[in-house]
Amino acid sequence: MSILSTIAGIFTGGATKSIETIASEWIETDLEKAEAKTLMIKTLDPNGQMRRDISKRVTFLYTVYIFIALLLLGFESFGLGDAATISIATSKVAELFTPITTLFGTIVSVSFGVNYSNVRAESKISDNKKPS
């Protein structure tokens, strides 16, 4: 008799509550999707620390590159050291100016873009949590 009552419970609404509970856990809202995306970004780079460190290091290396280029140009202009060797070094550093500057600009721009995207995603989540 208990098997028949269990089957009857499923069709008459006894198990409906548990089915509703399971279904409601599987249904994702836009808010839950946005929270999951933000959580994924936060786990990859909490507080943007890694992005800031990369930007600082790239900026430092670009600054070193600029100072070396200026130093070589100064040596070449004033005739200090072996003129032929300094001229070769200066031309090689000058050839690298465009690629290095482009990469520097790209890395720093992407860092700011990701930061803007994260802030915007977090503001959308906080806007969705506000009571209407």
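Take the Cα of Leu71, step 7 Å toward its Cβ, do the same at Ser87, and the gap between the two points is 2.2 nm. Each other residue within a Cβ distance under 13 Å of Thr59 adds +1 if Lys or Arg and -1 if Asp or Glu, for a net charge of +3. With a simple spin-label model that places each label point 7 Å from the Cα along the Cα-to-Cβ direction, the separation between Ser5 and Ser109 comes to 7.2 nm.
Scale the Cα Rg of region 45-129 by the rule-of-thumb value 2.2 N^0.38 Å and send over the ratio, two decimals. Show your work: numbers first, answer last.
Values: Rg = 19.7 Å, N = 85, 2.2 N^0.38 = 11.9 Å.
Rg over 2.2 N^0.38 Å, computed on Cα atoms: 1.65.
Under 15 Å from the Cβ of Ser91, count the other residues' Cβ atoms, weight Lys and Arg +1, Asp and Glu -1, and hand me the total. Can you show the working numbers first?
On the way: positive: Lys92; negative: Glu76, Asp82, Glu95.
Neighbour charge sum, excluding Ser91 itself: -2.
You can think of it this way: the chain between Ala121 and Leu96 has 5.3 nm of extra reach, that is 0.36 nm per residue less the Cα-Cα gap.
Every number here is computed from the coordinates shown, using simple stated rules; none is lab data. Only a predicted model underlies this, so the values are computations on that prediction, with no experimental measurement involved. Every residue, glycine as well, gets a Cβ built from its backbone with ideal geometry; the counts of neighbours run over all protein chains shown.
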